[in-house]
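Engineer: Before I ask anything, here is the structure I am working with.
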Amino acid sequence: MKTGFLSGGGAAGALMRSHPWQQSRLGAVETWPDALRTVVTLMLNSQFPMFLLWGKQRVCLYNDGYIPILGRRHPAALAQPMHEVWPEIWNEISPLIDRAYAGLPTFFENLPLQIERNGFQEQACFTFSYSPLRGPRGDIEGMFCTCMETTVQLRAESALRRSEAQFRGLAQAMPNQAWTARPDGSLDWFNDRVYDYAGVAAGDPDGIRRARIVHPEDIAAAAAAWACSVATGCPFQTEFRLRRLDGVHRWHIARAVPILAEDGSVERWIGTNTDIEERKRAADLLEIAMAERSGELEKAHEALRQAQKMEAVGQLTGGIAHDFNNLLTGVIGGIEMMQARLAQGRSVEAERCAGLAMHSAQRAAALTHRLLAFSRRQPLEPRAVSIHAQIDSMAEMLRRTLGPAIRLEVHASADLWATRCDPNQLENALLNLVINARDAMADSGLLTISTANCPLDAGAPVQAQAGVGDYVRLTVSDTGVGMTPETISRVFEPFFTTKPIGHGTGLGLSMVYGFARQSGGMVQIDSRLGAGTDVHLYLPRLHGERATELSPASRPARSAATVPKTILVVDDEPPVRELIMALLQDLGHHCIEAHDGPGGLQLVSSLALVIDLLITDVGLPGLGGRQLAAQARALRPQLKVLFITGYATEAIFDVDAMPGTELLNKPFSMAELAARVAHLTHDD
């Protein structure tokens with residue numbers, strides 16, 4: 001008799017094919033009855049967790065889906081009696097197994113069991129069914145189990161209830177009015193601040209609608225702002241007067257952020273109303289005082305200083321409200337995703353969404369990128385770049401950034417050399433320089449962007465920063481206020497800024513400096529008070545190509561792979577690894593994983609595995625991601641590689657020198673990851 005019924009089945013199938021069955025309680029596989037062979041084939045070719053027991057000794061066989069439930073008991077559990085596999089719960093499950101062997105099917109839902117599977121005791125819950133299996137003569141010789149662990153689902157449901165209660169508690173504790181709304185404008189929840197202000201019974205949204213608290217003169221502008229935000233998905237902001245319970249109208253600023261569904265549509269909005277009556281009144285009083293007391297300069301200056309203090313307080317309050325709205329967005333967004341996953345029955349992913357809701361850190365991520373740029377540890381993906389093409393692709397955005405009062409001129413040098421750098425970081429650097437120039441010119445002025453080829457010899461004043469050689473120079477010039485020598489000496493220091501509080505982080509120029517030095521170039525500033533500023537960014541020349549021959553650097557757009565691929569994911573952070581695998585599985589790919597470099601290399605070395613793509617973190621313990629990729633491609637020269645990293649000691653990734661590789665910086669969105677995977681796994 002043939003043994004082809006053991007084919008497939010992943011790790012469990014491979015283990016069963018290599019097992020010495022002649023020495024086991026079941027005997028050689030060629031002697032197994034057809035009933036047992038049929039159930040084994042069914043089990044191995046299913047991803048649903050399954051196991052079966054056979055014979056009077058109740059020998060256990062299982063599939064890949066059951067391995068996570070076994071934990072460290074795998075692979076020793078194969079072909080062992082069930083009472084040896086699960087001794088700590090045998091007293092609880094043996095009566096149920098006896099029922100199956102007696103011909104009585106059994107079904108249990110969310111049965112709690114105290115188990116030890118990974119070196120510690122834990123309570124786990126399972127939904128399962130036991131079905132009797134009959135041998136060739138019709139006698140019951142075994143039982144078959146399909147099971148699903150529901151521990152995560154039950155925990156996620158509990159976490160969802162706690163998160164909802166936490167959101168309500170946080171919103172109720174806010175000093176500002178808080179509310180939620182649907183895209184059609186219907187309001188469906190308020191905190192007590194709104195009810196207290198309007199004099200309406202708490203918990204009565206219809207009472208707020210009937211009260212019509214928005215001033216009639218402000219309704220049209222507020223409705224227009226709301227319609228614009230609903231149409232574009234941008235955050236909502238407007239100012240209007242709200243009638244207090246005593247009939248007095250006070251100015252408020254309303255801000256709201258959208259909560260998106262999985263398909264990208266807006267499901268609801270989370271908003272706050274902040275009282276700005278005092279700030280409005282102070283601004284009005286300031287205008288009157290300046291008009292009526294122009295001769296009392298000192299008094300006017302004092303009034304202005306007071307108004308600026310109040311404005312700073314207003315900005316601080318607005319910033320806190322903005323940050324809190326960001327927090328609510330992370331919490332509510334996580335809850336929404338948890339609800340969606342639970343509704344779809346994807347309970348494992350619901351717990352991951354709960355973790356994501358607790359680790360929302362987009363602002364911190366942006367700060368980290370800028371600090372990494374200054375420290376020259378930001379991972380870069382250099383490519384051949386045409387600075388002219390880069391400027392052309394940004395022209396419209398730069399004009400919008402400058403506004404109508406500032407004129408933009410571009411002086412492009414003929415026959416400009418190509419350069420080699422990270423195009424995304426070049427775009428960020430140019431945008432930072434333009435924003436600084438705009439702020440230095442205040443109301444109006446001229447901003448000039450120019451380029452030039454610059455061979456630097458040993459006598460050049462700036463060559464000491466980077467060295468002798470050929471460079472492409474990008475210059476941003478403004479007609480603004482200029483800088484003192486003391487300011488110039490400090491502008492590249494992180495967190496140093498001459499802008500008012502709330503108008504800059506002090507990291508823009510430090511990021512430009514770090515990017516230039518990390519790319520092998522330099523930055524030079526020429527400025528005088530009242531005479532404007534020239535900022536020169538020098539980047540090394542790329543020999544053998546002309547800038548006019550290059551299109552704007554971009555990654556080719558490709559559709560998602562039409563054929564499922566086998567992808568190896570190596571990352572020492574379990575949440576990151578699980579998120580990546582969840583996305584890839586959603587896209588239809590088959591995933592295998594490793595938590596470190598040696599584990600990944602062991603999988604790559606297995607001739608039984610087909611691997612189409614390696615996704616690896618760069619900073620792995622033991623064997624780094626680059627070393628893993630190099631050794632993997634020595635074994636599999638055609639293997640595609642996607643590096644992911646948030647920090648790298650050797651931060652330059654020369655993708656042109658490594659065909660079939662790409663770099664994705666952390667933190668990244670799932671959409672970005674899906675696009676990179678689609679690009680690398682596209683069948684040419």
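Each value in this text was obtained by applying a stated rule to the coordinates, not by laboratory testing. A quick note: this is a predicted structure, and the numbers were derived from the prediction, not measured. For neighbour counting, all protein chains shown are included, and Cβ atoms are generated from backbone atoms with ideal geometry for every residue, glycine included.
Engineer: Give the peptides 212-219, 597-604 in descending order of average Cβ contacts within 10 Å, highest first. Mind showing how you got there, number by number?
Structural biologist: On the way: 212-219: 14.0, 597-604: 19.4.
In descending order of packing, they fall as 597-604, 212-219.
Engineer: Another one. Roughly how many Å is it from the Cα centre of the range 219-240 to that of the range 589-635, as a whole number?
Structural biologist: Value for the Cα centre distance between the two parts: 50 Å.
Engineer: Cβ neighbours within 10 Å, averaged per peptide: list 423-433, 625-635 in order, most packed at the top. Don't skip to the end; give the middle numbers.
Structural biologist: On the way: 423-433: 20.8, 625-635: 18.5.
The peptides rank, most packed first, as 423-433, 625-635.
Engineer: Quick one: Met394, Met290, fewest Cβ neighbours within 10 Å first, how do they rank? Before the final figure, lay out each step's value.
Structural biologist: Numbers: Met394 18, Met290 15.
With the fewest neighbours first, Met394, Met290 line up as Met290, Met394.
Engineer: Still on this structure, I have one more. Could you compute the FRET efficiency for Arg346 and Ile488, with r as their C-beta to C-beta distance and R0 at 45 Å, rounded to 0.05?
Structural biologist: Values: r = 56 Å, r/R0 = 1.25.
Taking R0 as 45 Å, the efficiency between Arg346 and Ile488 is 0.20.
Engineer: FRET efficiency for Glu109 and Gln57, Cβ-Cβ distance as r, R0 = 22 Å, nearest 0.05? Show your work: numbers first, answer last.
Structural biologist: Numbers: r = 29 Å, r/R0 = 1.31.
Efficiency, rounded to the nearest 0.05: 0.15.
Engineer: Sticking with this structure for a sec: Give the residue from Leu635, Asn665, Leu583 lying farthest towards the positive end of the charge dipole for the range 566-680; charges sit on Cβ (+1 for Lys and Arg, -1 for Asp and Glu) and the dipole is referred to the Cα centre.
Structural biologist: Most positive-ward Cα: Leu635.
Engineer: So between Ser265 and Thr566, what do we pick up on full extension, going 0.36 nm a residue minus the alpha carbon distance? Don't skip to the answer; put the middle values down first.
Structural biologist: On the way: separation 301, 0.36 × 301 = 108.36 nm, distance 3.15 nm.
Extra length from Ser265 to Thr566 when fully extended: 105.2 nm.
Engineer: Could I ask something else about it? Hey, rough spin-label estimate for Glu122 and Glu30, points 7 angstrom out along Cα→Cβ, what's it come to in nanometres?
Structural biologist: 4.3
Engineer: Full-extension gain between Asp284 and Glu672, please, as 0.36 nm times their residue separation minus the C-alpha to C-alpha distance. Can you show the working numbers first?
Structural biologist: Numbers: separation 388, 0.36 × 388 = 139.68 nm, distance 4.79 nm.
Result: 134.9 nm gained on full extension.
Engineer: Shifting gears a bit: Based on the alpha-carbon gyration tensor of the range 566-680 and its eigenvalue square roots a ≥ b ≥ c, which shape applies: rounded if a/c is under 1.5, prolate if not and a/b is larger than b/c, or oblate? List each step's numbers first, then the result.
Structural biologist: Values: a/c = 1.20, a/b = 1.02, b/c = 1.18.
It comes out rounded by the Cα gyration axes.
Engineer: Counting other C-beta atoms within 10 Å, which of Val535, Val468 has the fewest, and how do the rest follow?
Structural biologist: Working: Val535 23, Val468 13.
Exposure proxy ranking, most exposed first: Val468, Val535.
Engineer: Let me ask you something else. Between the range 1-74 and the range 564-581, how far is it from one alpha carbon centroid to the other, in angstrom?
Structural biologist: What the calculation gives is 27 Å, centre to centre.
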